[in-house]
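In what follows, a single structure is set out as C-alpha cells and then discussed.
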Amino acid sequence: MIQNPSELNRKISDAVEKIPAFPKSVQKLLQLTRDINSQPKDLVSVIETDPVMTVKILKVLNSAYYNWPNKITSINRSVVYLGVNTIKNLALSIAAIGVLPKENKAGFDIQRYLLHSLTVAGVAKRLCAKVDAGTDPMDCHIAGLLHDFGKVVFAQFMPEEWAAALALSRESAIPLYLAEQKAIGVDHAAVGAMLAEKWQFPNALAESIRLHHDGENCNSPMSACVFAANQIGKRLAAAPDDSNVEELPPAVAAHCGGDLDELLDSLGDLSKAVEEARVFSQIGAAS
Amino acid sequence: MKIKFWGVRGSIPVPGPNTAKYGGNTTCIEIRTDDQELIILDGGTGIFPLAQSLLGEMPLTANVFVTHSHWDHIQGLPFFIPFFVPGNRMRLHGAYDFVSGRGVEQVMDAQLQYSFFPIREAELKATIEYVKLAPGEAVQLRTASVTPVLLNHPVINFGYRIDANGKSVFFTGDHEPYYNIYDAADESFREYQELIEEKEQSILEAVAGVDVLVADTSYTVEEYPAKKGWGHGHFDSSIDLAKKAGAKILYCTHHEPTRSDSELEQEFAKILARHPQQSGGPEYRLAREGEEIEI
C-alpha cells in the first residue's frame, strides 16, 4: 500500500503523459486527418468521446501558460479559442503515443469502461439540462466522461495493486472504491480528483469526480448530476467491476428532483444515449 | 505615434513590376511612440529594409512582437541586422505554442540552424530576451503598453493593441472571422454560437475605439468560401470589425500574393462602392509598403 499521497501524486501525474488513447478514437482521428473534406465537428466528436484525449487536451490548455478568463471545460470552447488546426495537432500528438492495449495486467475491460463513461456522460448532460439552468450541460458531460478516469490510471500504472483491489472487491463483496482504499490506500475517485486539481481543471469538475461515490456530500448541481448519472449509467450499462447501483442520498435527490426511478422516468427514453455510447465504445477491428 | 508599413503582403514575398506600388515584402510594421520608442510588429521580409533604416540609430532597443510563427511573419528575422551588433538590445515577444510546447524563442531556433542559415542563435551579438505573453495581459514598455489578444488562425495568433500617449493602434496579425462548425440543426449549434459571440465580444472590447486598425484582409468576400478555414479575413470582415469596434482608420493588409497592384485597386474600388465611407465611420485604406502615417 502506498502511504505517502504526494509520492503517489507525483508518480501518477508523471505517468499520465504516457497513457495512450482508445483504439477507436485514434483510428477515427487518423482517418479524419487524411480526409481533406472532413469537418471540424467530426474531430470534436472524436475527442469528446475519448476520456484520455479529453483529459490531455484540457490539461494542456488549462496549464499555467495562459491565464484564460474562463477555465476551458469543453472541447468546443478549446476550438473557439485556439482554432481547429491547433486542437487537431494536439490530438495527433496524443494519437502518436499509440493505443490503449485491449489486454492489460489488471484485466481491466477498457471497452466496458468506455461504454460506462460515455453513458454516464450522456445521462449527466441530459440530467443537467433538466435540473439546473445555471450549470452548463457540457460541463456535466465532461465530468461524467472523466468520473472514473482514476481507474484507467490504476490499470495502466498500478496494475498489480489494482488487480488486488478488484479481487478484494469481488471476494469480500464490497464496493470497488472501498476495496481500493484498503488495497492501495486511495480510491479511483480521489486519484481522478487529485489529477483534475493538479491540472487546474475547474473546481466543480474536480469535486464532481471526487464525490461520485460520496453522495452525502454532493452539494453542487454538477456533483449531484454526476452521482445520479453514475447510478443510472450502472443500470443501463454497468461499469466494469461495479454493478452495485446505490440509492440517491437526500442531497442528490434534492438537487436532481427525485429518486432514481423518478429521474429515469423524467429523462424519458435513454436508449439513444446508450446506443451512441455503444457505437463509440466499440474497439476497432484493427486492435 | 507614427506607423510605417514595411511589408504588407501575405504568405510569400512577391517582388516584381506587378506589385511595385503596394510592395512585395511580407508582414512588418514599425511603430514609434512620441518618445521614439521602437516597436516592431512581425518579422516578415519587410524587416530587412526596416533594419537598413536603423543602422544610424545603434545601439538600440527594439521590442519585436510576433503575432504568430508562420513563415511570412518571421522569415525576415535572421536578416535583422541589429541582432549581429553588440550593444543592441532585442526583446522578442510572442505566444506559447501548445503543440510544440515552446515559447517565441522557437522562431529563432527553428530558422538559425546549420542547414538553413550560417549563423547560430547563440552567435548573435545583441542581447536577446524572449518574452512569453499571455492573452489579455498587457506588457508595459517604457512609453507604451501592448496587449495581446488571441485571434483565430491555424496556429496560435495574437493580435496586438498598442496604446501610447493617448493614441492607439491594433494589428490583427492573421485572423479569420469565427464561424460555427455545426449545422443549424445540430444539438451543439447554439452552444457553439454562444461561445463565438462571447469571443467576438471580447475582441471588440480589445479593439474598441482605436485610432488605427490594421487587419488581415487577404480575400474578397467572393473568394472567401473556397478559403474557409485557412485563417484569413476578407474586405467585408475587416470593415465589419472596424465599424463595430469604432476604429477611426482601417488599413487592409496581408494582400493576397497573386493580386497585382491594379487588381488590388479594382477590388478595393468595388468594396468602397459597396461600403461607402460614412461621416464619423471608419476611413478605409489599403496598406502600402513604405507608407508612414502620424496619428
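The values are calculated or read from the model by the stated rules, or taken from the named source; none is laboratory data. Keep in mind that what you see is a predicted model, and the values were worked out from it rather than measured. Here the Cβ is made from the backbone with ideal geometry for all residues, glycine too, and neighbour counts use every protein chain on show.
Being farther than 21 Å from A:Phe280 by Cα, assigned by TED's automatic domain parsing to the domain that holds A:Ser63 and touching a His at 6+ places or on another chain (Cβ under 9 Å) holds for only one residue in A:Asn85, A:Asn89, and it is A:Asn85.
Among the residues making up region B:275-288, those that are out of contact with any helix residue (DSSP H, G or I) (no Cβ under 6 Å at 6 or more places or on another chain) and in contact (Cβ under 8 Å) with a residue 24 or more places away in the chain are B:Gly281, B:Glu283, B:Tyr284, B:Arg285, B:Ala287, B:Arg288. Among the residues of region B:49-69, those identified as in contact (Cβ under 8 Å) with a residue 60 or more places away in the chain and either in a strand (DSSP E or B) or surrounded by fewer than 23 Cβ atoms within 10 Å (Cβ to Cβ) (or both) are B:Asn63, B:Phe65, B:Ser69.
Residue by residue, here is whether (1) under 14 Å from A:His141 (Cα atoms); (2) facing another protein chain (nearest Cβ under 9 Å); (3) more than 19 Å from the chain's Cα centre (by Cα) holds:
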site: A:Lys59; (1), (2), (3): no, no, no
site: A:Val79; (1), (2), (3): no, yes, yes
site: A:Asn89; (1), (2), (3): no, yes, yes
site: A:Leu114; (1), (2), (3): yes, no, no
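For the structure I just gave you, tell me whether A:Ser45 is of a type in the set (Gly, Ala, Ser), more than 21 Å from B:Ser100 (Cβ to Cβ) and within 11 Å of chain B (Cβ to nearest Cβ). Answer is yes for this residue.
Okay, residues lined up against (1) under 19 Å from the mean Cα position of the chain (by Cα); (2) farther than 30 Å from A:Ser266 by Cβ:
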{"residue": "A:Lys56", "(1), (2)": "yes, yes"}
{"residue": "A:Trp68", "(1), (2)": "no, yes"}
{"residue": "A:Ile75", "(1), (2)": "yes, no"}
{"residue": "A:Ile110", "(1), (2)": "yes, yes"}
{"residue": "A:Ala121", "(1), (2)": "yes, no"}
{"residue": "A:Asp132", "(1), (2)": "no, no"}
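Table: residues versus (1) crowded, with 17+ Cβ neighbours inside 10 Å; (2) polar (S, T, N, Q); (3) more than 25 Å from B:Glu191 (Cα to Cα).
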position: A:Glu7; (1), (2), (3): no, no, yes
position: A:Ala21; (1), (2), (3): yes, no, yes
position: A:Pro51; (1), (2), (3): yes, no, no
position: A:Lys59; (1), (2), (3): yes, no, no
position: A:Tyr66; (1), (2), (3): yes, no, no
position: A:Ser78; (1), (2), (3): yes, yes, no
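Within region B:161-173, residues that are within 15 Å of B:Asp35 (Cα to Cα) sit with their Cβ atoms under 6 Å from residues that are β-branched (Val, Ile, Thr) and modelled with pLDDT of 95 or more, at 6+ positions apart or across chains, in these pairs: B:Ile162/B:Ile31; B:Ile162/B:Val146; B:Ile162/B:Val169; B:Ala164/B:Thr33; B:Ala164/B:Thr143; B:Lys167/B:Ile295; B:Ser168/B:Val210. Within region B:26-40, not a single residue is in a helix (DSSP H, G or I), modelled with pLDDT of 95 or more and of a type in the set (Val, Ile, Thr). Residues that are out of contact with any Cys (no Cβ under 7 Å at 6 or more places or on another chain) and within 30 Å of A:Gly257 (Cα to Cα) within region A:94-124 comprise A:Arg112, A:Tyr113, A:Leu114, A:Leu115, A:His116, A:Ser117, A:Leu118, A:Thr119, A:Val120, A:Ala121, A:Gly122, A:Val123, listed in sequence order. Taking the listed residues A:Val26, A:Val16, A:Val52, the one that is farther than 30 Å from B:Ala134 by Cα, away from chain B (no Cβ under 14 Å), out of contact with any Leu (no Cβ under 6 Å at 6 or more places or on another chain) and touching a residue at least 60 places away in the same chain (Cβ under 8 Å) is A:Val26, with no other qualifying. Filtered by the rule that a residue be surrounded by fewer than 20 Cβ atoms within 10 Å (Cβ to Cβ) and part of a loop (DSSP other than H, G, I, E, B), region B:87-96 gives B:Gly87, B:Tyr96.
When B:Val99 is tested against the conditions (1) in contact with a Phe, Trp or Tyr (Cβ under 8 Å, 6 or more places away or on another chain); (2) in a loop (DSSP other than H, G, I, E, B); (3) under 27 Å from B:Glu197 (Cβ atoms), the lone failure is (1). Residues that are within 14 Å of chain A (Cβ to nearest Cβ), more than 21 Å from B:Ser237 (Cβ to Cβ) and not aliphatic (A, V, I, L, M) number at least 3 in none of the strands (runs of 3 or more DSSP E) confined to region B:106-223.
Selection of region A:142-181 for residues being at pLDDT 95 or above and not in a helix (DSSP H, G or I) yields A:His147, A:Asp148.
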